[in-house]
């Protein structure tokens with residue numbers, strides 16, 4: 001099992017706000033902005049955090065380029081802060097990506113406790129008031145989503161297994 005010698009638990013280095021990098025790209029014919037927690041780029045996958053969590057928030061009034069309106073930006077920022085506080089409590093989740101593209105913002109985390117995440121999301125639906133939101137939690141022990149964005153942004157990946 002990769003990585004050898006790692007025990008489940010939060011990594012020894014907590015990502016700091018300055019550890020996030022910004023990247024640009026294109027998907028589905030629309031510009032895309034990616035924020036990635038760079039602190040995990042050389043460490044991922046983190047043992048025990050083997051499910052990705054995707055919280056997709058649809059913009060109410062996206063601009064023609066698919067990005068949020070200026071009015072929604074403040075609300076999305078507050079939603080992100082609250083979501084991060086909610087899911088990262090007790091180190092049950094690690095926030096790793098925020099992807100903005102084509103009228104959506106995807107908040108992507110990895111969790112070691114699927115039941116905890118579902119319960120937190122279901123118990124706090126008011127957090128998303130005014131937005132159409134979809135949740136997905138799926139097995140991803142190799143952190144494939146995160147690794148793909150690492151490669152896109154030219155960051156180091158640690159997983160060297162076969163596909």
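Its alpha carbons give the range 19-152 an Rg and a Dmax of 14.4, 41 Å. When the alpha carbon coordinates of the range 50-127 are projected onto the principal axes, the ranges are 38, 23, 16 Å, largest first.
Using R₀ = 41 Å, calculate the FRET efficiency as 1/(1 + (r/R₀)^6) where r is the Cβ-Cβ separation of residue 26 and residue 84; round to 0.05.
Details: r = 27 Å, r/R0 = 0.65.
Computed FRET efficiency for residue 26 and residue 84 comes out at 0.95.
Every read-out reported here was derived from the displayed coordinates using simple, explicitly stated rules and does not represent laboratory data. Here the structure is a predicted model, which is why all the values come from computation and not from measurement. Cβ coordinates were reconstructed from backbone atoms using ideal geometry, including for glycine residues, and neighbour counts include every protein chain displayed.
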